[in-house]
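Data block below; observations after.
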Amino acid sequence: MEDKTPAPARVVVDEPLDGRRRVLIDGADVGVVVSPDEFRRLLHRAGVMEEDAPLDNPELIEWHGGGPDDWPAAPR
């Protein structure tokens, strides 16, 4: 019997640029974030994960140019 359960959304976080990180879900650009909290809220609103879930799940999130602890300050 074939499993028809959809694969979880694949999230890609681009390398930091001026303190901002662009986020793509399943290839669609869903915005730019400047902190882990903002990133969690964005993923929660998109229905990808719970707001308090860890950000180091390589099966869900692919980090470019640094991992979940790399958040340079955004310009003001």
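The values are calculated or read from the model by the stated rules, or taken from the named source; none is laboratory data. This structure is a prediction, so every number in the text was calculated from the model and none was measured. Don't worry about glycine lacking a Cβ; one is built from the backbone with ideal geometry, like all the others, and counts go over all protein chains shown. Remember, those area values only see protein heavy atoms, side chains included, never the ligands or the DNA or RNA. Shrake-Rupley method; radii C 1.70, N 1.55, O 1.52, S 1.80 Å.
Odds and ends about this structure:
- Per-region count, segment 39-76, residues among the charged types (D, E, K, R), in contact (Cβ under 8 Å) with a residue 40 or more places away in the chain and under 17 Å from residue 15 (Cα atoms): 2
- Residue 64 meets the conditions (1) at pLDDT 90 or above; (2) open to solvent by 60 Å² or more (accessible area, probe 1.4 Å); (3) touching a His at 6+ places or on another chain (Cβ under 8 Å) in every case but one. The failed one is (3).
- Scanning segment 15-28 for residues that are over 14 Å from residue 64 (Cβ atoms) and either open to solvent by 90 Å² or more (accessible area, probe 1.4 Å) or touching a Lys or Arg at 6+ places or on another chain (Cβ under 6 Å) (or both) yields 18, 26.
Rundown of residues vs (1) part of a strand (DSSP E or B); (2) out of contact with any Asp or Glu (no Cβ under 9 Å at 6 or more places or on another chain); (3) modelled with pLDDT of 90 or more, yes/no style:
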residue	(1), (2), (3)
8	no, no, no
21	yes, no, yes
42	no, yes, yes
56	no, no, yes
